[in-house]
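S.K.: Let me begin by handing over the structure; questions about it come next.
The values are calculated or read from the model by the stated rules, or taken from the named source; none is laboratory data. If you're wondering where the values come from, they're calculated on a predicted model, not measured in any experiment. Neighbour counts are summed over all protein chains in view; Cβ atoms, including those assigned to glycine, are modelled from backbone coordinates with ideal geometry.
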Amino acid sequence: MAGVKISEEAVFRWVVIVALAGASVIALTLLTRPLVGALWGLVLVCWAAVHAYRWVERKRRGS
Amino acid sequence: MESATVALGHDHADEHHGPPEANQSSRIDRQTLGILLFIVSEVMLFGAFFASYFFLRVVVNPSAWPPHPYELPVAVAGVNTAILVSSSFTVHYALEAIRRGNRAGLKLGLLLTWMLGATFLFIQLNEYVHLGFSARDLSFGSIFYSLTGLHGAHVFVGLMLLTFASIRAFRGHFGPDAEDHLGVEVPGIYWHFVDVMWIVVFVTVYIL
């Protein structure tokens, strides 16, 4: 089963990252306004999308 | 004579049993491609519901959200979020255990994960009963039940996968090698995905 490149360990790391990101959005929303929290959430989603795209590109070039 | 040679050649070719090797045209290996396509399709599914949610909230009902007199039980949902996030740790523990050959840890981790997932689903259903509004009440009710219900359906599927994995674990299946515990690893990845989606749903629906 040498083909598996996505392991549960890697996905679990992302669960922790998303949980921390969610906590930061919650904290920002409670401290300021929902709009600020939503904008921060949007920034994080964009960052994650760029990171995911780069990861896929690296995988594609690597294989 | 010629036909006999052809027939002999054909017999020789038939010595290879089973189907031919699958052609791999993609530069990404098929397991990675499969998981990526699944995750992308799920993200698009949830994305459609989130798009509806924000459209209804920002464009259709820009004044008050949730509309008066409806209120969402944020504290209960927060506790439920903690329960689901902790279930990701227990499924990770189960996989770490089987990687080290610890069968008792695998069983314990899977059982704990199952119980936490079932508790989450039970609290979610209990919340539905006591909310005081239904999916028929305004667009708010429709999108609330659609979004949380879609996620609840995913939790239910995850529980089914965990049930099968647990039964197999108690029957003595799975081993420390990667190919020997794929039946726990794949449900584990799915469970983490369900967990991540709930964090996004919770923050969007209950907090923002």
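S.K.: In this structure, is B:T148 within 14 Å of chain A (Cβ to nearest Cβ), of a type outside the set (A, V, I, L, M) and closer than 30 Å to A:L30 by Cα?
M.R.: Answer is no for this residue.
S.K.: Given the condition charged (D, E, K, R) and touching a Phe, Trp or Tyr at 6+ places or on another chain (Cβ under 9 Å), answer yes or no: does some residue in the range B:168-189 qualify?
M.R.: Yes; the residues of the range B:168-189 include at least one that is charged (D, E, K, R) and touching a Phe, Trp or Tyr at 6+ places or on another chain (Cβ under 9 Å).
S.K.: Sort through B:L106, B:L72 and tell me the only one that's touching a residue at least 60 places away in the same chain (Cβ under 8 Å) and in a loop (DSSP other than H, G, I, E, B).
M.R.: After applying the criteria, what remains is B:L72.
S.K.: Moving to a separate point now. List every residue pair whose Cβ atoms sit under 7 Å apart, with the two residues 6 or more apart in sequence or on different chains, where the first one lies in the range B:149-165 and is closer than 11 Å to B:Q124 by Cα and the second, anywhere, is part of a helix (DSSP H, G or I) and of a type in the set (A, V, I, L, M, F, W, C).
M.R.: Short answer, once both residue conditions are applied: B:H151/B:M197; B:H151/B:W198; B:H151/B:V201; B:G152/B:L121; B:V155/B:F120; B:V155/B:L121; B:V155/B:V194.
S.K.: Next question. Which condition breaks for B:F140 when tested against (1) surrounded by 15 or more Cβ atoms within 10 Å (Cβ to Cβ); (2) at pLDDT 90 or above?
M.R.: (2)
S.K.: Hey, among the residues in the range A:22-43 that are within 16 Å of the chain's Cα centre (by Cα) and more than 8 Å from chain B (Cβ to nearest Cβ), which one's surrounded by the most Cβ atoms within 10 Å (Cβ to Cβ)?
M.R.: Selected residue: A:W40.
S.K.: Now, a different point. Would you be able to say whether some residue in the range B:93-108 is of a type outside the set (K, R) and within 16 Å of B:F140 (Cβ to Cβ)?
M.R.: Within the range B:93-108 (the criterion being of a type outside the set (K, R) and within 16 Å of B:F140 (Cβ to Cβ)), the answer is no, since none of the residues qualifies.
S.K.: Answer yes or no as to whether B:T163 is under 30 Å from A:W40 (Cβ atoms), more than 7 Å from every other protein chain (Cβ to nearest Cβ) and out of contact with any Ser or Thr (no Cβ under 8 Å at 6 or more places or on another chain).
M.R.: In short, no.
S.K.: Could you look through the range B:143-176, keep only residues that are loosely packed, with under 13 Cβ neighbours inside 10 Å and of a type in the set (G, A, S), and pick out the one that is farthest from B:A94 (Cα to Cα)?
M.R.: Once the filter is applied, the top-ranked residue is B:A153.
S.K.: For B:Y128, indicate whether it is without any contact (Cβ under 8 Å) to a residue 40 or more places away in the chain, aromatic (F, W, Y) and more than 10 Å from every other protein chain (Cβ to nearest Cβ).
M.R.: Taking the combined requirement at face value, the residue satisfies it.
S.K.: Just to be sure, is A:R13 modelled with pLDDT under 85, part of a helix (DSSP H, G or I) and either more than 8 Å from every other protein chain (Cβ to nearest Cβ) or surrounded by 12 or more Cβ atoms within 10 Å (Cβ to Cβ) (or both)?
M.R.: Considered against the rule, which asks whether it is modelled with pLDDT under 85, part of a helix (DSSP H, G or I) and either more than 8 Å from every other protein chain (Cβ to nearest Cβ) or surrounded by 12 or more Cβ atoms within 10 Å (Cβ to Cβ) (or both), A:R13 comes out as no.
S.K.: Looking only at the range B:182-192, which residues are more than 7 Å from chain A (Cβ to nearest Cβ) and surrounded by fewer than 24 Cβ atoms within 10 Å (Cβ to Cβ)?
M.R.: B:G183, B:V186, B:Y190, listed by residue number.
S.K.: Checking the conditions here, which among B:G132, B:G117 is over 15 Å from B:G152 (Cα atoms) and among the small types (G, A, S)?
M.R.: B:G132
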